[in-house]
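The values are calculated or read from the model by the stated rules, or taken from the named source; none is laboratory data. Model, not experiment: these values are computed from the prediction. Please note: Cβ atoms are built from the backbone with ideal geometry, for glycine as well, and neighbour counts cover all protein chains shown. Quick note on the areas: whole protein, heavy atoms, side chains included, nothing else; ligands and nucleic acids left out. Shrake-Rupley method; radii C 1.70, N 1.55, O 1.52, S 1.80 Å.
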Amino acid sequence: MLGRDERESSAHALLAARAQGWSTEPVELLDLGTTADTLATVASIDDLAAVVHLGHPEQPSPGLERALLEGAPSLIVTAAGSIEPQWVWVGAGGGSGGQVVVDEAGLRDCAVVLRGLGVHPRLVPTRTPVAERVALAGAGGSLVVERSRVPAGFTELPDSALLAERGPVWYGLLQARDIAPAFTEPAQVWLAFGPYDDHRGSLQPTLAVIADAGIDLQHLRSQASVTGPHVFFTSFSCPSSAVLSALVDELDTRGIAHRVLAVLPGAMFEPGPDQAAPQWAGEL
């Protein structure tokens with residue numbers, strides 16, 4: 001069985017599941033409720049997995065990182081794949097005036113483009129039926145929806161094609177497993193840890209352990225913690241599970257709390273995550 005978070009696009013999640021071979025069923029994925037409910041349900045029911053939005057394999061969504069770490073220790077993301085977004089901007093009268101109704105998943109994927117177009121969306125829960133969205137949009141209003149859910153009488157607006165220019169959307173397969181998957185080819189690993197003694201400079205010894213394992217971090221993020229000042233989230237390419245096991249053993253030896261949140265087979269995940277365009281101090 002395969003499910004999804006209630007805030008996730010049902011059409012996109014199903015498309016990802018079919019594209020990656022996670023599901024061959026023709027029906028929509030199970031709605032498992034909130035993110036916390038989804039993780040708890042996957043952890044408690046055998047043979048149930050969920051399709052989750054990753055952000056990017058090399059740069060995980062902060063919300064997913066935190067939810068995984070706060071969920072049952074058995075939870076882990078074991079595969080990743082991308083799909084081309086199916087979002088379209090449609091209206092009944094051919095104009096783009098009035099309210100633009102969009103759900104949570106659509107706003108997450110399209111917010112940058114919509115804001116660039118000067119659009120101020122009206123946000124609705126992802127569960128909101130299309131007929132109700134049409135009513136909320138009113139006369140002259142428009143919708144951002146998946147192509148497969150465009151209501152009768154609505155056609156794409158001139159700027160609709162811009163919604164696909166943000167690139168692919170990445171999804172992962174969330175499972176409950178007793179141990180992390182073994183791998184002999186490179187995989188992207190998400191690892192969370194807490195320094196053994198959280199004080200100024202305490203992060204450095206842990207980073208040294210990771211560097212000594214021959215691992216080059218691609219992502220590092222800190223988060224305040226109720227059990228101590230900080231936890232840290234990382235993402236990196238790892239050549240084999242033997243290297244990961246050696247790293248985990250060394251963290252255990254040093255008393256550093258840790259947890260593997262994802263093992264995603266693959267050496268390259270193209271296109272890469274969003275890139276910053278820094279303007280450093282002192283540059284002309």
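Provide 252, 47 ordered by accessible surface of protein heavy atoms (probe 1.4 Å), highest first.
47, 252
In 10 Å bins starting at 0, how do the alpha-carbon pair distances of the range 32-160 split up by percent?
For the range 32-160, the binned pair fractions read 11, 36, 28, 19, 6, 0 percent.
Per residue, how big is the convex hull around the C-alpha atoms of the range 87-165? Give it to me in cubic angstrom, could you?
So the per-residue hull volume is 77 Å³.
With a sphere of radius 15 Å drawn around the Cβ of residue 268, what net charge do the other residues whose Cβ falls strictly inside it have (Lys, Arg +1; Asp, Glu -1)?
-4
Peptides 144-154, 51-61, 168-178: what's the order by average Cβ count within 10 Å, highest mean first?
Ranking the peptides 144-154, 51-61, 168-178 by packing returns 51-61, 168-178, 144-154.
What length, rounded to one decimal in nm, is gained on full extension from residue 182 through to residue 41, with 0.36 nm per residue of separation minus their alpha-carbon distance?
Here the answer is 48.3 nm.
Extending each Cα 7 Å along its Cβ direction at residue 27 and residue 211, get the distance between those two points in nm, one decimal.
5.4
With the other protein chains left in place, how much accessible area per residue, in square angstrom, belongs to the chain at a 1.4 angstrom probe?
Each residue of the chain exposes 50 Å² on average to a 1.4 Å probe.
Residue by residue through the range 231-243, which ³J(HN,Hα) values in whole Hz follow from phi under the Karplus form 6.51 cos²θ - 1.76 cosθ + 1.60 (θ = phi - 60°), with glycine and proline marked x?
Those phi angles translate into 10, 10, 10, 10, 9, 7, 7, 10, x, 6, 5, 5, 5 Hz.
How fast does the range 1-90 diffuse by Stokes-Einstein, in µm²/s, taking the Kirkwood radius from C-alpha pairs at 4 °C and 1.567 mPa s?
95
Need the full-extension length gain, residue 225 to residue 249, defined as separation in residues times 0.36 nm minus the C-alpha distance. One decimal, nm.
So the chain would gain 6.3 nm between residue 225 and residue 249.
Using +1 at the Cβ of each Lys and Arg and -1 at the Cβ of each Asp and Glu in the range 1-104, identify which of 89, 75, 39 lies farthest towards the dipole's positive end.
Of the options given, the answer is 89.
Please give, to one decimal in nm, the separation of the simple spin-label points placed at residue 34 and residue 127, each 7 Å out from Cα toward the Cβ.
Label at residue 34, label at residue 127, 1.2 nm between them.
Whole-Å semi-axes of the chain's equivalent ellipsoid, largest first, each the root of 5 times a Cα gyration tensor eigenvalue?
Whole-Å semi-axes of the equivalent ellipsoid: 38, 22, 17.
Just the number, please: carbon plus sulfur as a percent of the accessible area of the chain, 1.4 Å probe, no ligands or DNA/RNA counted.
Taking all protein chains in place, the chain shows 53 percent carbon and sulfur surface.
Tally Lys/Arg at +1 and Asp/Glu at -1 over every other residue whose Cβ is under 13 Å from the Cβ of residue 6; what's the total?
Every neighbour counted, the sum reads -4.
Please report how far the C-alpha centroid of the range 27-95 lies from that of the range 112-130, rounded to the nearest whole angstrom.
That distance is 20 Å.
What residues qualify as long-range amide H neighbours of residue 54, i.e. H under 5 Å apart, gap of 5 or more or another chain, H built at 1.01 Å from N?
Long-range HN contacts for residue 54: 170, 171, 172.
Taking the Cβ of residue 112 as the center, what net charge do the other residues with Cβ under 14 Å away carry, scoring Lys and Arg +1 and Asp and Glu -1?
-1
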